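Structure first, commentary second.
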Amino acid sequence: MEWKNRADAVIIGGGILGIATAYYLAKMGMRDVVILERGTVCCGSTGRCGAGIRAQWGTEMNCRLAIATIGIFEHLEDELGMSIGLNQCGYLLVAYSAQELANLRSYMKLQNELGIESRTVSLDEAREICPALDAGDAEGFTYHARDGHADPFLTTYAFLEAAKGMGVVCHRKTECTGIRIKYDAAVGVSTSKGDIDAGIVINCAGGYASQVAAMAGVDLPNWGERHEIMITEPVEPGICPPMLMSFSGNYYIQQRPHGSIICGMSPAGHHHSAECGTTWQFITRMSRVLNRLLPATRDIRVVRHWSGLYDMTPDGSPIIGETDVKNFYHSTGYSGHGFMLAPIAGKILAQHLTGTQPDIDFSPLDYRRFARGELITEPNIT
Ligand SMILES: Cc1cc2nc3c(=O)[nH]c(=O)nc-3n(C[C@H](O)[C@H](O)[C@H](O)COP(=O)(O)OP(=O)(O)OC[C@H]3O[C@@H](n4cnc5c(N)ncnc54)[C@H](O)[C@@H]3O)c2cc1C
């Protein structure tokens, strides 16, 4: 691939955030956009995720971002001209105590005020939505029909192909090794294949975002957290159409169209990690939860088990925007929900960088909010 020494924007990271951002920058008229990926496209968290998409959040910011991103997902196949595997099967949230149900109801009120049509459902209706569900111990449920999931590989490649069609260049196996700075402003990057001068540098390095930020002396509060996930052999399709999720129960479970079940839970202890890897403890704990909720899965086998990094922030909300180093931007810290937010996050950052009013004011997601003590603490995460 031709190597150019100069670009309007260089994006570090070939996951869905970097690639969606590149797509929107090109679409909004930026000419030379270059993506640097040290491995292969989707080798990071994007290719390892559950790819769930939901609007049932507990902060106004995440609700606004999520309902806007769902609106984009709903038209993305037409826009990009490729399949993204979107399945709007809804998210069924399960509460196990009166307090948890009261919390879900109060977030639902906020969601409804913002145009998200989430609602509470009875146990009988929950069983209609999810025929194999055994949740007699649940206190209650909320449901939003426009939630669902998509295929993370198809979605990312659809963005990439459309971006390439507009001139975006993606250099795989190319590591960003330094951010070049002049007079407190980023002026380009050093890479394993040579330098590139750039008007703008954007950090979309997912679980490695704080290492990339440190190349410019920027101290992001992000950390990587390893999350395991597994997939079973197929069972009868349609036993669990929605994404089943519980914050206190610590699980998310979805059935793929061909019948396999993908499920995950958060790690005990939430330790910081830069490494992926798998444990028997996860399979044991996860299988027990799965078998209890969906007894029809009791005799099936796990066919694959892997892990990836959540790119965490102290308040569970992303960091989008410029830092003290001018022209050095970040779109990071998605804390386990970056797949779903990537379309809207890419769009609003590109709008800002091309001089258009962003659809959503993302200035509260500035990284200086931590120093100011203005956290946007998201309660609806495990
Ligand atoms: C098990 C699991 C389940 C998840 N489930 C969901 C879900 O249901 N819904 C949801 O919305 N999100 C989910 N997520 C989170 C989601 O995967 C991430 O938020 C999202 O993929 C982040 O995308 P990204 O592009 O920022 O990061 P990544 O996909 O990790 O991409 C970053 C890329 O940067 C590259 N990179 C790093 N450093 C450098 C460098 N110096 N030079 C060049 N390249 C570099 C890496 O190789 C990597 O490919 C899940 C994550 C995991 C691990």
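Just so you know, all these numbers are worked out from the coordinates, no wet-lab data involved. All values derive from a computational prediction rather than experimental measurement. So basically every Cβ, Gly included, is an ideal-geometry build from the backbone, and we count neighbours across all protein chains shown.
Checking the a/c ratio against 1.5 first, then a/b against b/c, what shape does the Cα gyration tensor give for the chain?
prolate
Where Rh is the Kirkwood radius over the Cα pairs of the range 38-96, the temperature 25 °C and the viscosity 0.890 mPa s, what D in µm²/s does Stokes-Einstein return?
This corresponds to a translational diffusion coefficient of 179 µm²/s.
Between rounded, prolate and oblate, where does the range 1-157 land on the alpha carbon gyration tensor, with a ≥ b ≥ c its root eigenvalues, rounded for a/c under 1.5, else prolate if a/b exceeds b/c?
Judged from the Cα gyration tensor, the range 1-157 comes out prolate (a/c at least 1.5, a/b above b/c).
When you count, for each residue, the other Cβ atoms within 10 Å and take the mean per peptide, how do 138-144, 52-58, 159-165 rank with the highest first? Mind dumping the intermediate values first?
Numbers: 138-144: 21.4, 52-58: 23.4, 159-165: 19.7.
Per-residue Cβ counts within 10 Å, averaged per peptide and sorted highest first, yield 52-58, 138-144, 159-165.
Please determine, in degrees from 0 to 90 and to the nearest 10, the orientation of helix 338-353 with respect to the longest principal axis defined by the Cα atoms of the chain, where the helix direction is its Cα long axis.
Approximately 30 degrees, to the nearest ten.
How large is the dipole of the range 332-382 about the Cα centre if only Lys and Arg carry +1 and Asp and Glu carry -1, each at its Cβ, rounded to the nearest 20 debye?
About 120 debye.
Of Ser317, Met61, Thr142, whose Cα points farthest to the positive end of the dipole of the chain (charges on the beta-carbon: +1 Lys, Arg; -1 Asp, Glu; origin at the Cα centre)?
Projecting each Cα onto the dipole axis, the largest value belongs to Ser317.
Against the longest principal axis of the chain, how steep is helix 98-113, in degrees 0 to 90 to the nearest 10, with axes from Cα atoms?
Between the helix axis and the principal axis of the chain, the angle is about 50 degrees.
Rounded to whole Å and sorted largest first, what semi-axes of the equivalent ellipsoid does the C-alpha gyration tensor of the range 252-365 yield via the square root of 5 times each eigenvalue?
Details: eigenvalues 270, 59, 24 Å².
One finds semi-axes of 37, 17, 11 Å for the range 252-365.
Taking the chain as the reference, fit the longest principal axis to its C-alpha atoms, fit the long axis of helix 280-293 to the helix C-alpha atoms, and give the angle between the two in degrees, 0 to 90, nearest 10.
Around 50 degrees separate the two axes.
Quick check on the range 159-283: take the gyration tensor over C-alpha atoms, sort the square-rooted eigenvalues as a ≥ b ≥ c, and tell me if it's rounded (a/c under 1.5), prolate or oblate. Each step should come with its number before you reach the end.
On the way: a/c = 3.06, a/b = 1.82, b/c = 1.68.
Prolate is the answer for the range 159-283, as a/c is 1.5 or above and a/b outweighs b/c.
Identify the residues of the range 213-249 with backbone N under 14 Å of a label point that sits 7 angstrom from the Cα of Val303 along the Cα-to-Cβ direction, or state none.
It comes to 230-237, nothing else.
Any idea what % of Cα-Cα pairs in the range 92-237 are farther than 23 Å?
64
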